[in-house]
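The values are calculated or read from the model by the stated rules, or taken from the named source; none is laboratory data. Values in this document were obtained by computation on a predicted structure and should not be read as measured data. Heads up, the Cβs are rebuilt from the backbone with ideal geometry, glycines too, and the neighbour counts pull from every protein chain shown. Heavy atoms of the whole protein, side chains included, go into the accessibility calculation; ligands, DNA and RNA do not. Shrake-Rupley method; radii C 1.70, N 1.55, O 1.52, S 1.80 Å.
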Amino acid sequence: MLLVTCPHCGARPEIEFRYGGEAHIARPADPSALDDRQWAEFLYFRSNPKGVYAERWNHAHGCGRWFNALRDTASDAFLATYPAGQQRPDLGGGR
Amino acid sequence: MSAPEPRTILAGHLRPGHHGPAERTGATLRERRAALLELSARRGRAGDVAAFLREAAGLDLPPPGRAISGAEAAALWIAPATVLLVGAAAALEPVRARVPREIATALDQSFGYAILRLAGAAARAVLAKGCRVDLDPGAFAPGQVARTIVAQVPTILHQADAAPTFELIVPASLARSFADFLIEAAAEFGCAVEPAIGRDPG
């Protein structure tokens, strides 16, 4: 069983959570200034690394809050979770 | 013509009786009828809600994953700055009426959820069939609350005492099939279904 550590509730089973895509993507301050290519990149283009990925997760069947996680997409290991709005933590070791 | 009496969703569904081996009773199941009041603090007003709760209900704001039980009601932490009060309607209605709207929203959930109490030596084994939260006494103790999924049903799980007794608060629309699951899961240990306790919140 995969446990995900909600910053509010602690370690809980994966089935309580919903995935929310890549984290730390800021909406452009002035969308009308963007051309179609730039808007499409904001909407659809993601970094999709093999390795550490910053993601949004929602504790849908728990406290209902959104938070961020660093997950290794190769091993599916959750390396860190942190509340929404916080900076991506530095894991050290160049990751 | 008078309005029909309000009834909980489990009234008439959860009939007292015994399931499984007659010589054993590993678990007892009953409905608890009580009022439910959800208080959700507005942004930055959790401190005001804590003060209101202390003054109006004599309860402290529970820390994450905890319940605080008082004489007339219990406060269950269900999300950051959000509590669910469980108690008799006579105790909760005055609280609901006095919630200052600028510090919190107050939602009467009395008929939105049903409350089931599962108790006995086999209660943990019964819940383990549908619940992935670790309920071992070393990991989950009386007074703890978890909002999780039990048998596919979103459940607010509260351990009320060390017997152990678990209170399971589930959406009313799913409560009948959820009660059927519990009876089915508990039958191998001997399951006594007992009469409901508490009073209709209506």
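Buried surface for the A/B pair, taken as the accessible area of each chain alone minus that of the pair with a 1.4 Å probe, is close to 1000 Å² in total.
Once a ≥ b ≥ c are taken as the square roots of the eigenvalues of the Cα gyration tensor of the protein assembly as shown, is the result rounded (a/c under 1.5), prolate (a/b larger than b/c) or oblate (a/b not larger than b/c)? Because a/c hits 1.5 or more and a/b exceeds b/c, the protein assembly as shown counts as prolate.
Helices that extend 20 Å or more along their long axis by alpha-carbon positions and average at least -0.5 on the Kyte-Doolittle scale are, among the DSSP H runs of chain B, B:172-186.
In this structure chain B gives 46 Å² per residue of accessible area when probed at 1.4 Å with all protein chains present. Full extension of the chain segment joining A:Leu43 with A:Ser75 gains 8.8 nm, where the gain is 0.36 nm per residue of separation less the Cα-Cα distance.
Listed as lacking a disulfide-compatible partner in chain A: A:Cys63, by the criterion of no other cysteine Cβ under 4.7 Å. Here the calculated FRET efficiency for A:Gln87 and A:Leu34, from their Cβ-Cβ distance with R0 = 25 Å, stands at 0.50, rounded to the nearest 0.05.
A 1.4 Å probe, protein heavy atoms only, puts the accessible area of A:Asp35 near 80 Å². Compactness of chain B, taken as the C-alpha radius of gyration over 2.2 N^0.38 Å, stands at 1.03.
In this structure chain A gives 61 Å² per residue of accessible area when probed at 1.4 Å with all protein chains present. With runs of 4+ DSSP H residues as the only contributors, calculate the mean residue ellipticity of chain B at 222 nm using -39,500 (n - 2.57) per run, divided by the residue total and rounded to the nearest 500. Calculated mean residue ellipticity at 222 nm is -6000 deg cm²/dmol.
Distance from the alpha carbon centroid of the stretch B:1-68 to that of the stretch B:115-166 works out to 14 angstrom. Contact residues in the stretch A:1-41 by the 20 Å² criterion (accessible area, 1.4 Å probe, full protein complex versus chain alone): A:Met1, A:His8, A:Arg12, A:Pro13, A:Ile15, A:Glu16. The fraction of Cα-Cα pairs per 10 angstrom bin, counted from 0 for the stretch A:3-83, comes to 17, 42, 27, 13, 1 percent, rounded to whole percents.
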